[in-house]
Amino acid sequence: MEKTVIIHCNNVRLEGLLNPNSSEKGVVVTHPHPLYGGNMYNPVVEQIVESYFEKGFTTLRFNFRGTGKSSGMFDNGMGEMDDVRAVLAFLQESGVKALYLAGYSFGARINASIVSSGYGIKDHVMVSPPMGFISFDDVASMPSTGLILTGSKDDIAPKNRVQEAINRWQINPQFEVIDNCDHFYTGCLPRLKDLLLDYLP
């Protein structure tokens, strides 16, 4: 059962939902762009959280600064990176041993900066990284990225742009393109869940 938690990031208070499960492994899940209506209650985020929980993970989703009941203001990605670090630290301090990171759209872009900076993540999943919308040019490497998903009709995360980035990062993740799927996973959430459950340990 998810419970509301408050996570402090400097002078910002972040609203989160924690669902305790195994202390061996826990995941932080990040949401789409706040200025376009994204929050932790997004259906794709909820599907990701549900999939990880079914596989025994403690899950923690949260609202970025300035979203929902989280204080502060949108900070164009910089403050949002601090948010993710604060939430990962909170999860670790709650007793979770191995940290995992998953994000959808804008959340995947923020997570990419965290992983690229060398933060100690056990595994990293990206759902529709928005390469047709936001630059990933400063993301130099993507260690620990095990799974990347997008849709064949996703013009915000075009499969060709994603593949180019995978080649540039010189990594070999499982890369899944869901047929007839748009950026919002309309009618495709069950397929997304199947792929996540097949992949997760």
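Data table
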quantity	calculated
Residue that is farthest from Met126 (Cα to Cα) [pool: residues in segment 151-176 that are touching a strand residue (DSSP E or B) at 6+ places or on another chain (Cβ under 6 Å) and not in a helix (DSSP H, G or I)]	Ser152
Any pair with Cβ under 7 angstrom, 6 or more apart, that starts in segment 97-109 at a residue that is at positive phi and ends at one that is small (Gly, Ala, Ser) and buried (at least 24 other Cβ atoms within 10 Å of the Cβ)	Ser105/Ser128
Residue tally, condition surrounded by 14 or more Cβ atoms within 10 Å (Cβ to Cβ) and under 19 Å from the mean Cα position of the chain (by Cα), over segment 154-193	27
Only listed residue being more than 11 Å from Pro173 (Cβ to Cβ), surrounded by 17 or more Cβ atoms within 10 Å (Cβ to Cβ) and at pLDDT 95 or above, chosen from Thr150, Thr145	Thr150
Some residue of segment 119-127 being closer than 15 Å to Gly146 by Cα, in a loop (DSSP other than H, G, I, E, B), modelled with pLDDT under 95 and of a type in the set (Gly, Ala, Ser)	yes
The listed residue being of a type outside the set (A, V, I, L, M, F, W, C), at positive phi and in contact (Cβ under 8 Å) with a residue 12 or more places away in the chain, out of Gly16, Gly56, Gly26, Gly37	Gly56
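Matching residues to (1) crowded, with 16+ Cβ neighbours inside 10 Å; (2) out of contact with any Asp or Glu (no Cβ under 8 Å at 6 or more places or on another chain); (3) part of a loop (DSSP other than H, G, I, E, B):
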residue: His8; (1), (2), (3): no, yes, no
residue: Leu17; (1), (2), (3): yes, no, no
residue: Tyr41; (1), (2), (3): no, yes, yes
residue: Val45; (1), (2), (3): yes, yes, no
residue: Ile48; (1), (2), (3): yes, yes, no
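The values are calculated or read from the model by the stated rules, or taken from the named source; none is laboratory data. Given the structure is predicted, the values throughout are model-derived calculations rather than measurements. Note that each Cβ is placed from the backbone with ideal geometry, even for glycine, and that neighbours are counted across all protein chains shown.
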